[in-house]
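A short write-up of the structure that comes next.
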Amino acid sequence: MASTSASRATLSHPTPAPLASVDPHKWEAELGNAEISKSDLNALVFDYLLIEGFSDAAVEFARETGLPHDIDHAMIQERMEIREAIEDGRVEEAVRRVNELDPEILDTNPPLLFHLHLLHLIELIRKDETGPALEFATNELAPRGAQNPEFLADLERTMALLAFPDLVRFADDASPPGTHPPPDAATLTLLQDPAFGPISQLMRKSQRVKVAKELNAAILESQGQGMETKLSGLVRLMAWGEEKLEKAGVGLPASDKDKGRKWADAVFSGDVSAS
């Protein structure tokens, strides 16, 4: 009887077939044969510098490489200051400056505006301003959630922060060190439960970075530019290619396995120090 049960379990959940690994020497040879022009590499670097706001470096690089460099420094500076405001938690300032720059950016993008409002709510909770947080959620967020049911899950997750003040103090890595006393052992054990992960993530610096990138992309689009650097797009394509190879039963050499996905996770989470 046990044998029959085991057989059924095996049939229900078959062991995945091992991937056919690409020969490392052949892989390296193919990579070495790939033709990449210096002008394409220069264009990638210039695009990265421009989109990421390094306008002076972009101009100098363009001069040295012979690329055209008609750059609006003031526009880039404004965009970067707006992004920095979000990353510093100054959401109201960022929203005001975006509206001064181009009111249609937020008027035509309800999800982005909702995410900015959610971040403002998170910042109020971070500062332990419970009354203003509840008032803001009631007046600004609840009506938008009623009109757009897809927003409700994010709103409910954010409001859960008010029910777990210890979680706010434990997860907050954006405030100066020593701002919050450490939780006691019992609370620490509870808050390390994976079930609290999606809620505690809201208090991380990475949440500010995520919203800042979303807003930065919207500003770039409004100015007729790409919504992300071309380099980011290539990393995304590399991760997609790895996934397609896996689904086709082909495994990359150990030295390159999951490299694209690791790079993509680092780039899109803002952790550019990851290897």
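The values are calculated or read from the model by the stated rules, or taken from the named source; none is laboratory data. For clarity, every value in this text was computed on a predicted model and none was experimentally measured. Methodologically, a virtual Cβ is constructed for each residue, glycine included, from the backbone with ideal geometry; neighbour enumeration extends over all protein chains shown. All accessible areas refer to the heavy atoms of the entire protein, side chains included, with ligands and DNA or RNA removed. Shrake-Rupley method; radii C 1.70, N 1.55, O 1.52, S 1.80 Å.
Taking LEU202, is it open to solvent by less than 60 Å² (accessible area, probe 1.4 Å) and in contact with a helix residue (DSSP H, G or I) (Cβ under 7 Å, 6 or more places away or on another chain)?
Numbers: open to solvent by less than 60 Å² (accessible area, probe 1.4 Å): yes; in contact with a helix residue (DSSP H, G or I) (Cβ under 7 Å, 6 or more places away or on another chain): yes.
Yes; evaluated as a whole, the condition is true for this residue.
Each row is one residue, and each column tells you yes or no for (1) in contact with a Gly (Cβ under 8 Å, 6 or more places away or on another chain); (2) not in a helix (DSSP H, G or I).
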position: ALA146; (1), (2): no, no
position: LEU155; (1), (2): yes, no
position: LEU167; (1), (2): no, no
position: THR179; (1), (2): no, yes
position: GLN207; (1), (2): no, no
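Residue check: ALA58 meets all listed conditions (1) within 19 Å of the chain's Cα centre (by Cα); (2) open to solvent by less than 50 Å² (accessible area, probe 1.4 Å) but one, namely (1). If you go through segment 149-166 and pick out every residue that is open to solvent by less than 20 Å² (accessible area, probe 1.4 Å) and closer than 16 Å to SER206 by Cβ, you end up with 2.
Would you mind finding the one in ARG96, ARG79 that is outside any loop (DSSP other than H, G, I, E, B) and closer than 27 Å to ILE125 by Cβ? Before you say what the answer is, go through the steps one by one.
On the way: ARG79 fails: closer than 27 Å to ILE125 by Cβ.
When all the criteria are applied, what remains is ARG96.
Residues of segment 40-55 being free of Cβ contacts under 8 Å to residues at least 12 places away in the same chain and assigned to a helix (DSSP H, G or I), which ones? Across segment 40-55, the qualifying residues are ASP40, LEU41. Taken over segment 215-231, the criterion of being without any contact (Cβ under 8 Å) to a residue 60 or more places away in the chain, more than 14 Å from the chain's Cα centre (by Cα) and in a loop (DSSP other than H, G, I, E, B) is satisfied by GLY224 alone. Here segment 114-144 is the region considered, the condition is being open to solvent by less than 60 Å² (accessible area, probe 1.4 Å) and more than 23 Å from the chain's Cα centre (by Cα), and the residue that is farthest from HIS180 (Cα to Cα) is PRO143. Can you tell me which residue is most open to solvent (accessible area, probe 1.4 Å) among those in segment 205-247 that are within 30 Å of ARG96 (Cβ to Cβ) and among the basic types (Lys, Arg)? Ranking the candidates gives LYS210 first. For segment 123-134, state whether one or more residues are part of a loop (DSSP other than H, G, I, E, B), within 22 Å of ALA218 (Cβ to Cβ), of a type in the set (Asp, Glu) and modelled with pLDDT under 95. No, segment 123-134 has no match at all.
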